[in-house]
Structures are given as structure tokens and as C-alpha cells.
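To start, the structure itself, in C-alpha cells.
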Amino acid sequence: MAVVDETADFAALIRELKDRSGLSYGVLAKRLHMSTSTLHRYCNGDAVPTEYAPVERFARLCKATPDELVEAHRRWILADGARQRERKSAATAAATATEAITGVTEAATAATPEADLPSAAPEPTPGTTPSPAPEPAVPATAPRNRRRTALFAAAAVAVVLAATALVPRLVSGDGGGDRKQEAGSVTSTGRGTPSSSTSAKSTSSPSASASPSGSASPSGSATAKSEESASPSAKSGGAADVAAAVPLTVTTRPYAWESPCGQTYLVDRAAAKVPPPPTEQDAPSWVSALGAVSAGSQYLELTVQGTGQDTVVLQSLNVRVVDSGAPPAWNVYEMGYIGVGCGGGVPTHSFGIGLDSVRPVATPKSGQTGLPYKVSESEPEVLYITAAAASHDVRWYLELAWSSGTRNGVLRIDDQGKPFRTSGMSGRPQYGYSLDDSEWVPHQAG
């Protein structure tokens, strides 16, 4: 089965990273804040994490290279998708079995003749002594009908139990502490997915947009709007038909870090009122709580995957600027610790955007090949975007143009319905966090 192969491929990479690290299951589990048994199940292929965050933390603890991080993400996407499909199949089988038992019971009841039931005694005539009612005659076929009904019902119950028993086996072992959705990540799609739901809104134009919502925090999620080219079916069917026709999903992490040392935020608070730097997975909550703005640059991670067997071609990635002004006069806080070095590389499919330009464009980094790329359900792509601003405070979003066969459209990628915001920080006071003093101290970047 596909779910076995994809889960086994994912587990094989996890085991390889673990064995190479030289760390024990106990040490890794403690650092990942999960049970040792849960980590065992991930490495053995008995379970798949419900979100990517623990996989990324695991890979980084095991000193995975940038290419290995990309591969771990790809294999997790495939394994998680296969698990979701298998769970839906089991749920459908259980529902079918429930309908079967209802039908069998009704048929068995209808098959019991009225003659099998005792007849009511006649009403006595007034003024007369009623004679004893005769014993009701029970036809010889009655016991057989009752036995047949009981056998049908028992068989149907057995079918239901067999079907529903599959569900716990498919969804168990995801790790109790790892069930929360990764903050700062939401899947944008033209149809419903496990991590998000799509609500389509009709518009007066032939195009329609689908805007999914997820449980991620407001500052740490992205919204994508699909605008498929006008067609007879889109015009007659409305927004629901257009949303169903979008053949890809985009999962956006708007507060990913290329490296802690390179990530800074503008915050309108004094250093004494700013909490310590968060970990990367907690950055969206930290940003939201403080109203922080990405300073100098913003690093986005976009995972693009087809939703069916058809290949989808990613034609172009365009930048749209909503507003541009002077950077706010706030303090700058660096996420790295003073005196602690950071490492990092440039993964494939990386793009740079100069937001200070009159017309910013997404340009491939380090001589890499740019779009078009091809994606499908089994072959996702991860795109990394670094948007830099030095002298402006810019609100912006992306538009991803796609085509699949005779269909084509544009997917809007933003921060949960709002533009991304990236600001310059030149001349602003800068602070770094001192582990020795456990406080923010004035610090010059670099």
C-alpha cells in the first residue's frame, strides 16, 4: 500500500539522522519534549507526526544539512497525506457498515409475517361472562424467523466492528504532546484539508476566491486566494466550483528563520519589557504578542503540493506592494544570543526580493534555476523567499501563477488575509540577548 511505502521512506530518513547523530532515544526525546516511546514509533514507521514542527526540531538536533531538511519535509508531507487518505477510507468503511446493519435490520423485521404475532382477544359482549381466551397458536415458522433476524443482526454488527477497528490503528501513535498545529503555518488550498478549511465567497466578477482559515495564531499564518481564469463552469457554478477546481495547496510559514543570527524584529517596547528570544517554532506567538515587525529581511517558507494526479506547473511568482513608507522608530531585537555563533546554508529553490525597489521581483539565489517548476500530489516543492528592506516599511504579498492542462489561475499568498510586513531598521537602537546577564543589552548587529 502507498501509505506503508511513504511512511517507511519517512521513517528510514528519521532513523538515518538519529543513528548518525550518536544521540540516544532518551536524550532526543527529552530535548524534543516528547516521550521516548513516541519517538521510537516515529523512527520505526509505526506513526507519523501530525505536524512538521517536531520533525524539523528532530532534524536540526541531529545536525541535518539544508538538503536533508528539505528532504525530511518532503517525505513527511507524503507520509502525512497517505495517512490522512487511509483514515478517510476507514471512516467511509465504518459509515457503509452502519448503513448495512440498518438495512439488514429493517429487512429482517419486514420479513416477519403478521401471522407470527399473537392475535388480540375479542372484546366481550356486555352482560355475558367472557370465556377464557384460547392459547395463541404459534406457527412453526416463527422461531425460524426470529433466529434468522438475530443471525442477520449479529452479522451486521460484526461488519461494523471489523470496519471501525481499523480507525484506531490508523490514527494512533501521533504523540500526545505533538498534536498542536505548528504555530505560524496554515495550508492554503482550493478545497478543505486536515489543517485548514476553505470558505468560498462569490463575487460579481467571473473569478472567485477561496480563503481558508486555520487554528494558527493571527500573526503566524498565511492566506491564499485562488483566482482561476474565467470559464463557463466557473461562471455558472459560482465560487464553490472554482475552489474545487484549484489543483494545488500552499502551506506558508511567514516567520521561518534562515538562521537565528540573521533574524531581527522591530518592537515598540523598551528592552526591559521584551521577553527573551523565542525558538523558531514559537516565533509567530512572540511576534503576535509584541506586535513585532520583521526587520531588515523576512524569510518565508512555501510548501507547494498538487491535490490530485495531474501535474501542476508553477509558472511565475510575482510580488505585489500594497504600501511603502518610512520605517517605524522602534527598537531592533536580534534573535541570536550574544557570543553564540550560528550556521546556515542556502537551500535549493531560494528566491530573494528587494522590497526597496520600485518594482520588486522574486529572483533565484546563487545562480539557481527559477520557475517554472512542476508539482503533483507525490512531488511537492518547497520555496524559500528572503524579502529584504533597508529604507522602507513595506506591506506586500505574493501571487503564484499556475497551470494544469487547460486550466490556469493565480494563488494569492499573504499573512492570513493581511499583507506581509517587512521594514528597514537603519539608525534604530539594536539589542542582543545576553545569556550571562539574562537580559537584553545594547548591541550592534554583525
* Carbon/sulfur fraction of accessible area - region 256-304, other protein chains in place, 1.4 Å, % -> 52
* To do: With a point put 7 Å past each Cα toward its Cβ, work out how far Leu435 is from Ala270 in nm, to one decimal.
  => 2.8
* Structure fact -> Which residues qualify? For Ser316, with a placed amide H closer than 5 Å and at least 5 residues away or on another chain, they are Ala401
* Asked: Peptides 283-290, 25-32: what's the order by average Cβ count within 10 Å, highest mean first?
  -> 283-290, 25-32
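What's the FRET efficiency of Ser21 with Ser403 using the Cβ-Cβ distance as r and R₀ = 41 Å, to the nearest 0.05? If you can, show how the numbers build up before the last one.
Working: r = 42 Å, r/R0 = 1.03.
Computed FRET efficiency for Ser21 and Ser403: 0.45.
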* Asked: Over region 291-446, what is the mean sequence separation of C-alpha contacts under 8 Å (at least six apart), divided by residue count, expressed as relative contact order in percent?
  -> 37
* Starting from the amide H of Gly296, placed 1.01 Å from N in the peptide plane, find each other amide H under 5 Å away whose residue is 5 or more places distant or on another chain. => Ala389, Ser423, Gly424, Met425
* Structure fact -> Hull surface over four for the Cα convex hull of region 406-446, reported in nm², is 6.3
* Structure fact -> HN-Hα couplings for region 425-432 via Karplus (6.51, -1.76, 1.60; θ = phi - 60°), in whole Hz with x for Gly/Pro, come out as 9, 4, x, 8, x, 10, 10, x
* Asked: Near the amide H of Gln430, under 5 Å away, which other amide H atoms are found, from residues 5 or more places off or on another chain, if H is placed in the peptide plane?
  -> Val332, His443
* Across region 376-391, in residue order, what do the Karplus-derived ³J(HN,Hα) couplings come to in whole Hz, using 6.51 cos²θ - 1.76 cosθ + 1.60 with θ = phi - 60° and x for Gly and Pro? -> 8, 5, 9, 10, x, 10, 10, 10, 10, 10, 10, 9, 10, 9, 10, 10
* Just read off the accessible area of Glu16 with the full protein assembly in place, 1.4 Å probe, to the nearest 10 Å². => 100
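For region 294-395, what number results from the quotient of the Cα radius of gyration and 2.2 N^0.38 Å?
On the way: Rg = 16.5 Å, N = 102, 2.2 N^0.38 = 12.8 Å.
My calculation over the Cα atoms of region 294-395 gives 1.29.
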* Asked: Hey, what do the phi angles of region 252-266 turn into as Karplus ³J(HN,Hα) couplings, whole Hz, using 6.51/-1.76/1.60 and θ = phi - 60°, x for Gly and Pro?
  -> 10, 10, x, 10, 6, 10, 5, 6, x, 5, x, 9, 10, 9, 8
* Could you give the length gained on full extension between Thr92 and Ala390, defined as 0.36 nm per residue of separation minus the Cα-Cα distance, in nm? -> 101.9 nm
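Figure the gain on full extension for Asp5 and Thr65 (residue separation times 0.36 nm, minus the Cα-Cα span) and round it to one decimal in nm. Could you put the intermediate results ahead of the total?
Numbers: separation 60, 0.36 × 60 = 21.60 nm, distance 2.39 nm.
Taking Asp5 through Thr65 to full extension adds about 19.2 nm, to one decimal.
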* What FRET efficiency do you get for Arg359 and Ala329 if R0 is 30 Å and r is their Cβ-Cβ distance, rounded to the nearest 0.05? -> 0.65
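The values are calculated or read from the model by the stated rules, or taken from the named source; none is laboratory data. Values in this document were obtained by computation on a predicted structure and should not be read as measured data. Neighbour counts are summed over all protein chains in view; Cβ atoms, including those assigned to glycine, are modelled from backbone coordinates with ideal geometry. Note: areas computed on protein heavy atoms with side chains; ligands, DNA, RNA excluded. Shrake-Rupley method; radii C 1.70, N 1.55, O 1.52, S 1.80 Å.
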